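Heads up: the structure comes next, in structure tokens.
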Number of protein chains: 2
Amino acid sequence: MGYLKYNYKDLKNLCNTSFKEFGFNSEESETITEVLLLSDLFGIESHGVQRLVRYYNGIKNGIMKVDAEIETVHETLVSAVLDAHGAMGQIVGKKAMEMAIEKAKVTGMGMVTVRNSNHYGIAGYYARMAEQEGLLGMSMTNTEAITVPTFGREAMMGSNPIAISMPAEPYPFLLDMSTSVVTRGKVEIYNKRKEPLPIGWTLDGDGKDTDNAKDVLYNIINKIGGGIVPLGGSGEGFSGHKGYGLAAAVDMFTGIFSGGITSNHINGGKASGTCHFFFAVDYGIFGDKDTIKNNMSKYLTELRESKKAVGATRIYTHGEKEIEAYKDRIENGILVNENTLKEIEDMCNYLDIKVSDYLTEIK
Amino acid sequence: MGYLKYNYKDLKNLCNTSFKEFGFNSEESETITEVLLLSDLFGIESHGVQRLVRYYNGIKNGIMKVDAEIETVHETLVSAVLDAHGAMGQIVGKKAMEMAIEKAKVTGMGMVTVRNSNHYGIAGYYARMAEQEGLLGMSMTNTEAITVPTFGREAMMGSNPIAISMPAEPYPFLLDMSTSVVTRGKVEIYNKRKEPLPIGWTLDGDGKDTDNAKDVLYNIINKIGGGIVPLGGSGEGFSGHKGYGLAAAVDMFTGIFSGGITSNHINGGKASGTCHFFFAVDYGIFGDKDTIKNNMSKYLTELRESKKAVGATRIYTHGEKEIEAYKDRIENGILVNENTLKEIEDMCNYLDIKVSDYLTEIK
């Protein structure tokens, strides 16, 4: 697979124009673009611009609704529940985290859940929103089922990511992790490369270990059985039951606490129903904020500076790689897969957008 | 290792008497006993009555302070920070979760952190306290460092457990998991049995995989290097960086948010300084509580009833095993390791407590 490199601002303009063509207003288009491209800037290709065409298809199929009106169905001083009524996940996600942040600034904590939404991009985007306001931020989402419970052979939970972000210098803490051992995106990469998967990532239709990426993806899509194992692996020997428990907790915080549906009832091909969770905490409720932030910075520095394994040169803290990738890509451009570009060009033909008016390859 | 079986009530009386002999008042003694024995009732031997003698030694060495006065150093409507001043973890832990529960009942959420504490038993006890009040409960604690960051060779994080509990029928949801791949207790069992460890649990002093339980324990205790790997394994291939991130997050919620110390600064042999985190949420802030609880029960039932792997007969949800163990042990008695009993007898000799006045073996 070849890659082409483009300027961040050019990609942004193209995405913005596309979303406006889909029917979103300027503000909405900018929000969706911002979430999408932060993923590319962070080096997480799977959730970046390569999703653009998927969103286009989702809108054409009526799964994602351009004119959805987001409804607040329940609210207290510290909480809210939003019904997205099929809106784009990024639009309702940003709104929900803004509400959580506002509440946290007043009461110390704000927790907002969302039901009937769609794919919302990287969970880290929303946790980071709070972090950039000087708060602790958390976000979770359920997704279509890909993960098999310990001792099972049926995918019941999504990749169900958890993101946590906290201010620190010189890097914030930004953990953004699926609760499955790997994401579906990684299995797709092995499939494209026609390479066998590492044993311990996926299960076949009988619930047995398999290295066959093609079969696993086929089985997941057609809900035949098998899927990806939870963080910790298959069985209990390496504590796969912990990843399974975290994934179930994510479905509780998102699907159950929003009055929506859990991963095992999401059918992305028909109507999504994805549910999200957003949490902001003003850590000033525990004392002087500067002291707390300084202590966090000191702790993360201690981790980075702790002794390296023989043969290893560096210990990262979470968020460090993303911030470094961000700086690099803003300066040097974003890599776009050739196939992704082809898909975007096809889509733009339909929309009467001339891609060459927007993108010039960086050589 | 042989096991002897005793009645729960008899063990409770013996523990109560012992803690009173240590210098605690009746209420304090009952609290410590309750936390300790819930662990045995749940089938988690490592955190149960076998800790009794360790606590005795901790008190004799002045690490755990019988007359510590717990101080509230910061408080808001939704939060508090307690300084335990070296108190027993169970005493300050119960008090802190009671405060979190009270706050949650008023505002919807209560978050309490604790510094300068000691080992507090199973995290699940505190999460369950909230669950039994009809709330969502969470608890975390840092512990002396045993876990090595990804690409490191120095233990920097504790077992750093996360417990989450939520009401449901017929079993509550009760996830109680260390963020290391396994706990130190499991490594100790392999050491006692003189069996090689599964590769992928522990690292030697160079940060390389090892199966030598004896060396690993020696290295941890003497802070020579190596230790247990995070949930997800060594390196990034099976996402060990996720367990590492969760462990770091636990140190943030406990050590940083309490103004205390992080795992890498805890020296259990000298002065503990352990820090805890307690969180209660009245999930009524998201709508009708009965509906939410029913949806949670339905979801957990769907997980349990999902298709089993070929060769597997049962899928558990978290808390199910513990509740079943609890019922069994209340009815049939608690198994106590012969060595543990010997230690208790030695301790009781010093304290002038006649063990045979309390315990009669169940045959």
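Contact with the other protein chains removes 50 Å² or more of accessible area, compared with the isolated chain and a 1.4 Å probe, from these residues of the stretch B:243-257: B:Tyr244, B:Leu246, B:Met252, B:Ile256, B:Phe257.
Our coupling estimate for the stretch B:108-115, obtained by passing each phi through the Karplus curve with A = 6.51, B = -1.76, C = 1.60 and θ = phi - 60°, is x, 8, x, 10, 10, 10, 9, 10 Hz, Gly and Pro reported as x.
Expressed as a whole percent, the proportion of Cα-Cα pairs in the stretch B:219-269 lying more than 16 Å apart is 53%.
Estimated at 0.36 nm per residue, the fully extended path between B:Glu169 and B:Asn61 surpasses their Cα-Cα distance by 34.4 nm. With distances taken between every two different alpha-carbon atoms, the stretch A:254-296 has a Kirkwood hydrodynamic radius of 13.2 Å.
Taking every alpha-carbon pair in the stretch B:182-228 and binning the separations at 10 Å intervals from zero gives 34, 60, 6 percent. As an equivalent ellipsoid, the stretch B:79-142 spans semi-axes of 19, 13, 8 angstrom, where each value is the square root of five times an eigenvalue of the C-alpha gyration tensor, largest first. Nonpolar atom fraction for the stretch B:182-228, defined as the carbon and sulfur part of the 1.4 Å probe accessible area, stands at 49 percent. In plain terms, the chain from B:Ile330 to B:Leu4 could stretch by 115.8 nm, reckoned as 0.36 nm per residue minus the Cα-Cα distance.
Within 10 Å of the Cβ of each residue in B:191-203, the mean number of Cβ atoms contributed by other protein chains is 1.
Run a plain Debye calculation on the stretch A:221-312 (Cα atoms as equal point scatterers, no solvent) and give log10 I(q)/I(0) at q = 0.11, 0.13, 0.20, 0.22 Å⁻¹, rounded to two decimals, same order as the q list. Each listed q maps to, in turn, -0.64, -0.81, -1.03, -1.07. In the stretch B:68-186, the alpha-carbon atoms span a convex hull of 121 Å³ per residue. In the protein assembly as shown, helices alone account for a calculated mean residue ellipticity at 222 nm of -12500 deg cm²/dmol, with every DSSP H run of four or more residues adding -39,500 (n - 2.57). Averaged over peptide B:75-83, the number of partner chain Cβ atoms lying within 10 Å of each residue's Cβ comes to 4.
Give the calculated FRET efficiency between B:Ser26 and A:Val106 to the nearest 0.05, with a Förster radius of 60 Å applied to their Cβ-Cβ distance. For B:Ser26 and A:Val106, the calculated efficiency is 0.90. Taken over the C-alpha atoms, the stretch B:30-130 has Rg and Dmax values of 14.0, 41 angstrom. Take every pair of alpha-carbon atoms less than 8 Å apart whose residues are at least six positions apart; their mean separation over the length of the stretch B:27-168 yields a relative contact order of 17 percent. Remark: the stretch A:168-177, residue by residue, has Karplus-estimated 3J(HN,Hα) of 6, 10, x, 10, x, 7, 9, 9, 9, 9 Hz, where x stands for each Gly or Pro and the curve is 6.51 cos²θ - 1.76 cosθ + 1.60 at θ = phi - 60°.
Looking at the stretch A:66-104, the GluC sites (Glu not before Pro) that sit in a DSSP loop and have at most 11 other Cβ atoms within 10 Å of their own Cβ are A:Glu69. The per residue volume of the convex hull around the alpha-carbon atoms of chain B is 147 Å³. Using Cα pairs under 8 angstrom and six or more residues apart, how large is the relative contact order of the stretch B:182-228, in percent? RCO, the stretch B:182-228: 36 percent.
The Stokes-Einstein estimate for the protein assembly as shown, based on a Kirkwood radius over Cα pairs and taken at 10 °C with 1.306 mPa s viscosity, is a diffusion coefficient of 60 µm²/s.
Taking amide H as placed 1.01 Å from N in the peptide plane, the amide H of A:Gly235 sits under 5 Å from that of A:Phe151, each at least 5 places away or on another chain. Taking every alpha-carbon pair in the stretch B:1-87 and binning the separations at 10 Å intervals from zero gives 15, 41, 29, 12, 2, 0 percent. What whole number of Å gives the distance from the Cα centroid of the stretch A:1-26 to the Cα centroid of the stretch B:1-23? The distance from the Cα centre of the stretch B:1-23 to that of the stretch A:1-26 comes to 68 Å.
The HN-Hα couplings worked out from phi for the stretch A:262-277 by the Karplus form 6.51 cos²θ - 1.76 cosθ + 1.60 (θ = phi - 60°) are 8, 3, 5, 10, 7, 10, x, x, 10, 8, 6, x, 3, 10, 10, 9 Hz, whole numbers, x standing for Gly and Pro.
Considering the zone a paramagnetic label at A:Ile323 would reach in this model (a point 7 Å from Cα along the Cα-to-Cβ line), which residues of the stretch A:271-297 have amide N under 11 Å from it? Hits in the stretch A:271-297 for A:Ile323 at 11 Å: A:297.
Could you tell me the relative contact order of the stretch A:123-190? Use alpha-carbon pairs under 8 Å, at least six residues apart, and round to a whole percent. Reported as a whole number, the value is 30 percent.
For the residue pairs A:Lys94/B:Lys95; A:Lys95/A:Lys223; A:Lys223/B:Lys186; A:Lys208/B:Lys223; A:Lys321/B:Lys94; B:Lys5/B:Lys321, the C-alpha atoms sit more than 28 angstrom apart in A:Lys94/B:Lys95; A:Lys95/A:Lys223; A:Lys223/B:Lys186; A:Lys208/B:Lys223; A:Lys321/B:Lys94. Mind checking A:275-284 for the average number of partner chain beta-carbons within 10 Å of each residue's beta-carbon? Average neighbour count from other chains, rounded to a whole number: 2. With the charge dipole of the protein assembly as shown set up from +1 on Lys and Arg Cβ and -1 on Asp and Glu Cβ about the Cα centre, the Cα lying farthest toward the positive end among the listed residues A:Ile91, B:Gly108, A:Gly311 is that of A:Gly311. Between B:Lys342 and A:Lys214, the modelled labels are 6.1 nm apart [label points 7 Å from Cα along Cα→Cβ].
Between the amide H of A:Val73 and those of A:Val81, A:Leu82, A:Asp83, distances stay under 5 Å, these residues lying 5 or more places away or on another chain, with hydrogens modeled in the peptide plane. Just the ratio, please: alpha-carbon radius of gyration of the stretch B:273-363 over 2.2 N^0.38 Å, N its number of residues. Normalised Rg, Cα atoms only: 1.77. Straight Cα distances below 13 angstrom link B:Lys298 to the aspartates and glutamates A:Asp251, B:Glu169, B:Asp290, with same-chain residues fewer than 8 positions distant left out.
Amide H to amide H, with H built 1.01 Å from N, A:Thr147 comes under 5 Å of A:Met156, A:Met157, A:Gly158, A:Ile228, counting only residues 5 or more places away or on other chains.
The values are calculated or read from the model by the stated rules, or taken from the named source; none is laboratory data. Because the structure is predicted, anything quoted here is derived from the model rather than measured. A quick note on method: Cβ atoms are made from the backbone with ideal geometry, for glycine too, and the neighbour counts reach across all protein chains shown. When the accessible area is computed, the model is the full protein with side chains, heavy atoms only, and any ligands, DNA or RNA have been set aside. Shrake-Rupley method; radii C 1.70, N 1.55, O 1.52, S 1.80 Å.
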